[in-house]
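Student: Quick one: the structure is below, and I'll ask about it shortly.
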């Protein structure tokens, strides 16, 4: 039987849920910022396109928009990947620590 009492387990689960909630808030804020930047870039490109006088200007504006959008996507994907990695690292550390100490203490008692 585990050395943890139900209250200890509940506290541990609450800590984990708080960590998940915090990480989700951070990710949501980043996604909101990314979405805002994306819409702003699209709006600016649409304004420039509406004032283009030649087909070559349209192609140039569209190409710049596509390039900028891809660069932004790449940067944002890296940011979100880092948030996910940090979340998983934090959660795995918070899960591993109590279980490793329990296993260690039980193996010492068995010896």
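Student: Multiply the residue separation of residue 50 and residue 24 by 0.36 nm, subtract the distance between their alpha-carbon atoms, and state the gained length in nm to one decimal. Each step should come with its number before you reach the end.
Tutor: On the way: separation 26, 0.36 × 26 = 9.36 nm, distance 3.83 nm.
Between residue 50 and residue 24, full extension yields an extra 5.5 nm.
Student: Now, a different point. So what's region 1-51 giving for Rg/Rh, alpha carbon basis, Kirkwood Rh from the mean inverse pair distance?
Tutor: On the way: Rg = 21.8 Å, Rh = 14.4 Å.
Rg/Rh: 1.52.
Student: Arranged from highest to lowest average of other beta-carbon atoms within 10 Å per residue, in what order do the peptides 43-55, 59-71 appear?
Tutor: Most protected by this proxy first, the peptides run 59-71, 43-55.
Student: Assuming R0 = 25 Å, what is the FRET efficiency of residue 86 and residue 42, from their Cβ-Cβ distance, to the nearest 0.05?
Tutor: Numbers: r = 30 Å, r/R0 = 1.18.
Efficiency for this residue pair is about 0.25.
Laboratory data are not the source of any read-out in this text; all were calculated from the coordinates shown. Values in this document were obtained by computation on a predicted structure and should not be read as measured data. Quick reminder, even Gly has a Cβ in these numbers, built from the backbone with ideal geometry, and neighbours come from all protein chains shown.
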